[in-house]
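The structure appears right after this line, and notes come after that.
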Amino acid sequence: MSYQHQYIDGTRIHFPVGKVVCVGRNYAAHAQELNNPIPTEPLLFIKPASCVVSPDGGFNIPQDRGAVHYEIEIAVLLGKPLSREPSADEVIDAISGFAPALDLTLRDVQERLKEKSWPWEVAKSFDGACVLAPFISGFAVSDTTDINVRLTINGEVRQDSNSGEMLYPIIPLIQHMAGQFALQPGDVVLTGTPAGVGPLQAGDELIMELPGRTAVTTRVLQRN
């Protein structure tokens, strides 16, 4: 079944599935664990809509392409267009929802691309590279600088952090993104991953959470 945005109560969201705009190295500890320099401005990249899948029933990961790493992130769904460096109030008004998401990465492929100074898209945009849970309403979050995010795999907490630790907070980050290219209803912003990333294996059981707000259980079905 093709992916469609929805809220946690099962209500389908009428926005089309748009692009997924991501930021790399938005938590200092994550940059350090991969021996990457901390960026002096947001490091942006885009995943296509075709890579988005639901966690419902589990998800597949590629085989024969090296390690597939999990990266838990806070996802932000936009419900109004934004462009030309909008005000903070305009960004807040445009947010329709928040959800936990997995930014999956072909880590070995990414490292080879980085060695050649080539773009990362091949490592970040494969089919199924964004596992996106149902959204809570944007109205359910009063402070975007205080959102917890957690990933548990096989009963062990692997990633656990808070949006207050971001180098570029959610609202200014979206302002910056919209200043680079137009954002549309149905677009999703992934706001970066905290430390603790690592490889996935077939059979892994995962809990994707915004603790105290929403939690989704899923698993890796196989390497496809």
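The values are calculated or read from the model by the stated rules, or taken from the named source; none is laboratory data. This one's a predicted model, so the numbers in the text were calculated from it and none came from an experiment. Positions of Cβ are generated from backbone atoms using ideal geometry, with glycine treated the same way; all protein chains shown enter the neighbour counts. Areas reflect the complete protein model, heavy atoms only, side chains present, ligands, DNA and RNA absent. Shrake-Rupley method; radii C 1.70, N 1.55, O 1.52, S 1.80 Å.
Quick one: dipole size for the chain, taken about the Cα centre, charges +1 on Lys/Arg Cβ and -1 on Asp/Glu Cβ, in debye to the nearest 20.
Details: 17 positive and 26 negative charges, 108 e Å.
Using Cβ point charges on Lys, Arg, Asp and Glu, the chain gives about 520 debye.
According to a simple spin-label model (label point 7 Å from Cα along Cα-to-Cβ), what is the distance in nm between Asn162 and Arg219?
Those two pseudo-labels are separated by 3.4 nm.
Leaving out ligands, DNA and RNA, what percent of the accessible area of the chain is carbon and sulfur, probe 1.4 Å?
On the way: 4840 of 9940 Å².
That fraction is 49 percent.
Once Cα extents along the principal axes in Å is worked out from the coordinates, which option in (i) 58, 43, 30; (ii) 44, 39, 28; (iii) 60, 38, 36 does it equal?
Answer label, from the structure shown: (ii).
Going 7 Å from the Cα of Ala67 along its beta-carbon direction, which residues of region 198-224 have the amide nitrogen within less than 14 Å of the resulting point?
Those under the cut-off are 198-201.
Rg (Å, one decimal) plus Dmax (Å, integer) for the alpha carbons of region 91-224?
In order Rg, Dmax, the Cα atoms of region 91-224 give 15.7, 44 Å.
Place +1 on the Cβ of every Lys and Arg and -1 on the Cβ of every Asp and Glu in the chain, take the dipole about the Cα centre, and give the residue among Val141, Asn60, Asn26 whose Cα lies farthest towards its positive end.
Asn60
Which one, Ala202, Leu151, Gln180, is farthest towards the positive end of the dipole of the chain when Lys and Arg carry +1 and Asp and Glu -1 on their Cβ?
It is Ala202, whose Cα lies furthest towards the positive end.
Which semi-axes, in whole Å and largest first, does the equivalent ellipsoid of region 19-59 have when worked out from the alpha carbon gyration tensor as the square roots of 5 times its eigenvalues?
Numbers: eigenvalues 134, 41, 9 Å².
Its equivalent ellipsoid spans semi-axes of 26, 14, 7 Å.
Measuring from centroid to centroid over Cα atoms, what is the spacing of region 124-193 and region 62-121 in Å?
Going from one Cα centre to the other spans 8 Å.
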